[in-house]
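Worksheet: one structure, shown below.
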Amino acid sequence: MKKVNLLLCSIFLLIMSCSDETTVFSDFQDDIQLEGNEQILDNSVSFDYAGVLEIAEEVNISGKQASASKVDEAGDYPLTLIAQIDPPSYSGGEDLTASHVHVDGDYAYVSYNTVEDDYAGGIDIIDVSDPTDPKVTSRLYYVNADLNAIEYSDGYIYAVGGVDSEKSVTATSNSFVAKIPASGGRMYTSAGIDYGFQEGYNSTDIEVTSNTVVVSSGGDGTVTIYNKSDLSILNEAPFQDLRSVKMDNGQFAVLDAGSGVSILDDNLNVIKEIPINTDFGAATKRTLAFKDGKVIVSEGSIGAGLYNVASGSLIEYLPVLIDPSATSTEGSETNAVALNEEMILMANGGSGLCLSEDNGDDADLYGVIQLEGSINYVESKDDYIFAASGKSGLQIIKLNRTSASLSTRCSSLSTYSGSSDLNVRLGEDKGYSGSKRFANIEVAGTLLLCGSWTVNNGVDVYSDALFEMYGTLVVGRNNKRKDVVVDEGATFIVEGNLTIYGDLILNDGAKLEFIGNDSVVNIFGSVVKNGTVNVSGNYDDVKNKF
């Protein structure tokens, strides 16, 4: 670790500039800049494609359905795209892409790098406490450094990456870790940034513990343990080409592109090896994830490999699933994997974000979540997925899982299974629980939905019908708006969260009733009242459309 006195650096820089006019030497402290324009931060958040996400299911992609005439069933995983975050951009850093995401509390911490030969990067802090309105609260530009991975812990951001050490008066090698003060969604560089350096072409991944910071570096690099307080090196071990480091059951695990997965003890001695002969590619993002005695390895063009940690044996491969409707599948390879309960998420580059289901002993491909851009990295925590999609930016996805308390309230209702076109005819009285993706909902009789639901097209509540919704309902998409229509004499009762990417149309005599004290309504179109209508109850009108 090296702390640099700015005055001495300036004198040294002047001497070096005089002795070698062809080389420009710089100090890290001179190569960083906080974005001070709040308007730029606000404009980085885009809702252009927000709304209901479709999933191209594996059974349809592979042609496994019994017949073309089979009823299109409502799908699982009612996902919605909350917003996209445009990558930072500055002179010399116009092509930054998100490289890593770490979520802690109400904030997501995002690192950016560039795929070009030059070094350029950045860091964003995004407030995700309000799922209807994420905000970029702080942004830092790194003019002459790539940032490849990031983690937040105890008031500091720890970011790792690469720098050209031959052009820096600070860097003793290309691979570095930075410790940046941050709190309340803001970075504070005036307090100073500490740096640590290790061998290797580029630092690739990071794990922060209560007392240490563990960093991997590729290209004849090391796994290095730093003291968390001052970034002094406590221990290090050389490896050929490290791509990832993870903690599992108190032990370190590293992914070496030259050999496979190694399990290390506290002294960084190899105690177990899982040989992998895959061609991981040069300077590519590859990650590890552990779950229930399995390690899941992103292995590029062959997909994700699942291995038994105890025996080291291969369980199975999850191949890269190709969506035939995709406009481009360039760079189709598994760059990263993330886990969230039963879900395995694979960032498959040009083939998008693949969702698989962990069944305990093995896993099954489910489908491709239809997002824009090439998915380079994925992270998931609680009810969110964060997908880094190259120049399309960071995409924030909500899982819309049904809460445990709501599941208890819904327990008396049967779980919905059936057509994606939910049609309740005149005189019918239906009630369902669950979480499903619908194409359409039409109600002429009485319908109760309790759970989390998305509707790709519209919702029609016909004359004198009753539709009760408890939980979450999202309709349409911002670039493909759809409406909710409540006809004359019909009643629409809501307790929970209602989001409409389109208009809410209330015809003469319609009733809209919000019950409870915590209902939220978020309408991206307009509230259209055709005649005398009755809107009652307590609700949070996010966009003030009423």
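The values are calculated or read from the model by the stated rules, or taken from the named source; none is laboratory data. Not measured: the values here are computed from a predicted model. Cβ placement follows ideal geometry from the backbone for every residue including glycine, while neighbour counts extend to all protein chains displayed. Calculation scope for accessible area: heavy atoms of the full protein, side chains included, ligands and nucleic acids excluded. Shrake-Rupley method; radii C 1.70, N 1.55, O 1.52, S 1.80 Å.
Here are a few things to note about the model shown:
- Cα shape, the stretch 163-242, gyration tensor, a/c 1.5 rule: oblate
- Residue among M343, N479, Y112 farthest towards the positive dipole end of the chain, charges placed on Cβ: N479
- Global geometry of the stretch 407-534, whether rounded, prolate or oblate, following the gyration tensor of its Cα atoms and the 1.5 cut on a/c: rounded
- The dipole here belongs to the chain: it is taken about the Cα centre, uses +1 on the Cβ of Lys and Arg and -1 on the Cβ of Asp and Glu, and is about 720 debye.
- Where N is the number of residues in the stretch 46-159, Cα Rg divided by 2.2 N^0.38 Å: 1.42
- Protection proxy ranking for 445-456, 331-342, using the average of other Cβ atoms within 10 Å per residue and placing the highest first: 445-456, 331-342.
- At full extension, N534 and S129 could sit 142.6 nm farther apart than now, given 0.36 nm per residue minus the alpha carbon distance.
- Modelled FRET efficiency - R0 30 Å, K391 with I61, Cβ distances, 0.05 increments: 0.70
- Residues in the stretch 372-409 reached by a label modelled at E341 [backbone nitrogen below 19 Å; 7 Å Cα→Cβ]: 379-387, 397-409
- Positive-pole candidate from V461, I271, G36, dipole of the chain, charges at beta carbon: V461
- In the full protein context, the stretch 400-526 carries 38 Å² of accessible surface per residue, based on a 1.4 Å probe and ignoring ligands, DNA and RNA.
- The long axis of helix 6-19 is offset from the longest Cα principal axis of the chain by roughly 60 degrees.
- Listed by chain and number, the aspartates and glutamates whose alpha-carbon sits under 14 Å from that of K545, ignoring those within fewer than 8 places in the same chain, are D503.
- Distance from the Cα centroid of the stretch 163-198 to that of the stretch 417-456 is 54 Å (rounded to whole angstrom).
- Each residue, E73 and I271, gets one label point 7 Å from its Cα in the Cβ direction; the gap between the two is 4.4 nm.
- DSSP-loop chymotrypsin sites (Phe, Trp or Tyr not before Pro) across the stretch 253-351, with at most 14 other Cβ within 10 angstrom: none
- Alpha-carbon centroid distance for the pair the stretch 323-389 / the stretch 79-123, whole angstrom: 18
- Other-chain or far-sequence residues with amide H under 5 Å of E299's (modelled H): A304, G305, T334
- Using the rule -39500 (n - 2.57) for each DSSP H run of four or more residues, divided by the residues of the chain, the 222 nm mean residue ellipticity is -1500 deg cm²/dmol.
- Entries in K179/K381; K398/K436; K135/K285; K179/K228; K436/K480 that, when Cα-Cα distance is taken, lie over 18 Å: K179/K381; K135/K285; K436/K480
- Ranked by how many other beta carbons lie within 10 Å on average, peptides 346-357, 247-258, 531-542 from highest: 346-357, 247-258, 531-542
- DSSP beta bridges confined to the chain are antiparallel in about 70 percent of cases.
- Separation of the D464 and A439 label points, Cα + 7 Å toward Cβ, nm: 3.0
- Gap separating the Cα centres of the stretch 238-282 and the stretch 484-518, nearest whole Å: 55
- Overall, the stretch 393-494 carries a charge dipole of about 720 debye about its Cα centre when +1 sits on the Cβ of Lys and Arg and -1 on the Cβ of Asp and Glu, all other atoms neutral.
- Net charge over other residues, Cβ less than 11 angstrom from the Cβ of L314 (K, R count +1; D, E count -1): -1
- Using 0.36 nm per residue and subtracting the Cα-Cα separation, the extra length available between E488 and D361 on full extension is 40.4 nm.
- About the Cα centre, charge dipole magnitude for the stretch 143-273 (Lys/Arg +1, Asp/Glu -1 at Cβ), debye: 380
- Ranked packing of 56-62, 425-431, most packed first, by mean Cβ within 10 Å: 56-62, 425-431
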